[in-house]
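Below: one structure, written as C-alpha cells.
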Amino acid sequence: MTEWLQRWHDRQRFWAVMAVIAALVVALGSLTPGSEMPSNLPWDKANHFVGYGGLAGLIGLAGVRLPLAFVVAALFGIVIEVLQIPVPGRSGGDWADILANSLGAATAVCGLHGLRRTLSFS
C-alpha cells in the first residue's frame, strides 16, 4: 500500500513545479486589490494557514530540507505582507497574518516529517 505513496513522494520535480505554481497563486491572491477580491471568502486567517501550509509542504516534497522549507515559506509570507502595504484595500504588514502563515508552514513541515518517519521515507 505504501509503494504508490512512496512513488508520489519521490516525484520531486513535480512537487517543485507545484510549489512554484502555489507561490504564484498565493502572490496573485495576496497582491490583488481588495475591491477585486470576492466578498465571500472564508475566515482570513484560515486562508493564510492553509495557503502557507500547502506552500511549505510542497517545498518540502520538492526535496528541500524541512527546516529550510519552513523558513522559505515563512519568509515568503513576510515579503508578501510587506508588498501588500501599498495595495489598495489590503491590510499589509499584519502580524496576525504573518503568524497564521508561519503556523501553517510549521504544521505542514511537522506533518510531513511525521509522515516520513511513520512510513520510513527519506
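Tabulated data
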| item | result |
| --- | --- |
| Close pairs (7 angstrom Cβ cut-off, 6 or more residues apart or separate chains): of a type in the set (Val, Ile, Thr) in segment 65-88, in a loop (DSSP other than H, G, I, E, B) anywhere | 72/64; 82/92; 82/93; 85/92; 85/93; 87/33 |
| Qualifying residues in segment 43-58 (those that are farther than 10 Å from residue 102 by Cα and within 8 Å of the chain's Cα centre (by Cα)) - the one surrounded by the most Cβ atoms within 10 Å (Cβ to Cβ) | 55 |
| Residues that are farther than 17 Å from residue 46 by Cα, part of a helix (DSSP H, G or I) and either modelled with pLDDT under 90 or among the hydrophobic types (A, V, I, L, M, F, W, C) (or both), drawn from segment 82-108 | 82, 83 |
| Members of segment 109-121 that are touching a helix residue (DSSP H, G or I) at 6+ places or on another chain (Cβ under 7 Å) and outside any helix (DSSP H, G or I) | 121 |
| In segment 1-28, the residues that are among the polar types (S, T, N, Q) and without any contact (Cβ under 8 Å) to a residue 60 or more places away in the chain | 12 |
| Hits in segment 93-122 (condition: surrounded by fewer than 19 Cβ atoms within 10 Å (Cβ to Cβ), touching a residue at least 12 places away in the same chain (Cβ under 8 Å) and of a type in the set (Gly, Ala, Ser)) | 93, 96, 106, 111 |
| Check on residue 85, out of contact with any Ser or Thr (no Cβ under 7 Å at 6 or more places or on another chain) and either surrounded by 13 or more Cβ atoms within 10 Å (Cβ to Cβ) or among the small types (Gly, Ala, Ser) (or both) | no |
| Single residue of 79, 64 found to be among the β-branched types (Val, Ile, Thr) and either modelled with pLDDT under 95 or surrounded by fewer than 15 Cβ atoms within 10 Å (Cβ to Cβ) (or both) | 79 |
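The values are calculated or read from the model by the stated rules, or taken from the named source; none is laboratory data. In this text the structure is predicted, and so the values were computed from the model without any measurement. Don't worry about glycine lacking a Cβ; one is built from the backbone with ideal geometry, like all the others, and counts go over all protein chains shown.
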